[in-house]
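The values are calculated or read from the model by the stated rules, or taken from the named source; none is laboratory data. Quick caveat, the model's predicted, so the values are computed rather than measured. Here the Cβ is made from the backbone with ideal geometry for all residues, glycine too, and neighbour counts use every protein chain on show. Calculation scope for accessible area: heavy atoms of the full protein, side chains included, ligands and nucleic acids excluded. Shrake-Rupley method; radii C 1.70, N 1.55, O 1.52, S 1.80 Å.
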Amino acid sequence: MMTCACLFSRSKEIVEVCKKLGDFHVQLKIYDALPGLVRVDFFKDFSFIFLDAEFLDYETDSDKVDKTLVSFGETPVIVLSKKSSVYLGIEYCRKGFRGFIEFPCSVSFLFRRTQKILQGICPEDCDEDETDLCRAVNSFDSFLGESEVVKRMKVDLLRFAATEFPLFLYGETGTGKNLLASAIWKHSLRKEKQFLWENLGAIPENLASSTLFGTTAGSYTDARNYPGLFEAADHGTVFLDEIESASLDVQKGLLCISEKMECKRVGTHKTYKPDVRIISACNVNLRQLVEEKKFREDLFYRLTILPVRVPTLRERLSDIPILVDFFLKKLNKGISQNAIEMLMSYTWPGNVRELYSCIRRASVLCDGSKIEMSDIRSNLNKDYEPSPELCRGLEARPAALEKTFSMYVASPSERAARARTPFQKSSISGLPVTEKKPIF
């Protein structure tokens, strides 16, 4: 049975998310202006109304709130706002609106929160930890994984993404730090502005300063007026990968930007003030480099205000069937349960990048449409043997492994016969979530 509702909004972001409520059997009518002189019973056929807060302007005209609410009659009205304000949410509810939902959010979170509001359950009555967890998992669903360590990381990222402080990602190579930085930017306040990144380990030392800070004509032979990375990303986000590769001279410039938001092009004393947010990443122990005097201690504390550790693949082995399922869809192959067991008993020093390479090689070597254990064995790094602890763990959980295998991995024909729907059950509170678009 379809639920009828309407939305008043001119925001493209809000409209696009609300349109997806059709997958939850909500028939939505969308208007880009408030109703004029219409009969109150015009809205009686709607179960609820979504109203963009931009039409209310509560802070400058609170009387407008009362007039708007009266025009909707007794139909419950839920305010949607891109401004995160607990104060405004409380005031709207006091005025008579049924509830208040902050954007950005996923369609599954919007649907679930709307249900709670209409049932009379206030946000304060919800489990705060559960709410944060659901929002995080659905906001960062592009990062494949449903293990506890990944869920907790996503909760931190959701909180950090909404701030303006420098964010520091650290973890082993192949864990997905660079693509995760892009996901953080997409959920930040600067998502409408530039996102520029640079791998400091790939820039020659003599070009690093000019690449990051820009050059002035005549500063050296053939030099031109050229804006650096920070100047080009003004009002946006800069991602610096392999920050440990920065020379001490470059670190001085980065310190000025992180401390004063001020830097100057090579060959001039004139400074400019770029307005950027810095996300940095490294795959080594940066604190050890500080102790060895290879990295400035003052810059270290400036860049690591919000540190996030990206977990290794061996810490989230339960996510391997999910990752493998995505890889195999692209390769149009299947995989046997024995092969999955072998993958889950390996230590993966190269993390997800090594797993992807292994699956691609095995897909070429396998004789049929399904990858077998023999195809996997020949592709594993011989320097790393399966962990005995992991092997014992696998023997103790055959039922769980069988369930995971049947959920995520099958041959192409089996997948076609299963005909999955676009919405699957989440492992968190039975929430329906959209089909994941992987980040790896």
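Values computed for the structure shown
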item: Average accessible area per residue (Å²) across the range 147-215 - probe 1.4 Å, nucleic acids and ligands excluded; result: 46 Å²
item: Nearest-10 value in Å² for the accessible area of residue 234, using the 1.4 Å probe; result: 60 Å²
item: Solvent exposure of the range 231-353 as accessible area per residue, Å², 1.4 Å probe; result: 42 Å²
item: Residue 27-residue 338 FRET efficiency (beta carbon distance; Förster radius 45 Å; 0.05 resolution); result: 0.40
item: Carbon + sulfur, % of accessible area of the range 141-212 - ligands and nucleic acids excluded, 1.4 Å; result: 55 percent
item: 226, 92, 272, ranked by accessible area, largest first (probe 1.4 Å); result: 226, 272, 92
item: Set 116/154; 154/294; 20/44; 19/186; 12/177; 12/186 screened for pairs whose C-alpha atoms are more than 26 Å apart; result: 154/294; 12/177
item: The range 163-247 shape via C-alpha gyration tensor axes, a/c threshold 1.5; result: oblate
item: Solvent accessible area, Å² - residue 360, 1.4 Å probe, full protein context; result: 110 Å²
item: Three-way shape label, the range 256-321, alpha-carbon gyration tensor, a/c 1.5; result: prolate
item: Restricting the range 147-245 to chymotrypsin sites (Phe, Trp or Tyr not before Pro) in coil, as DSSP defines it, with at most 15 other Cβ within 10 Å; result: 220
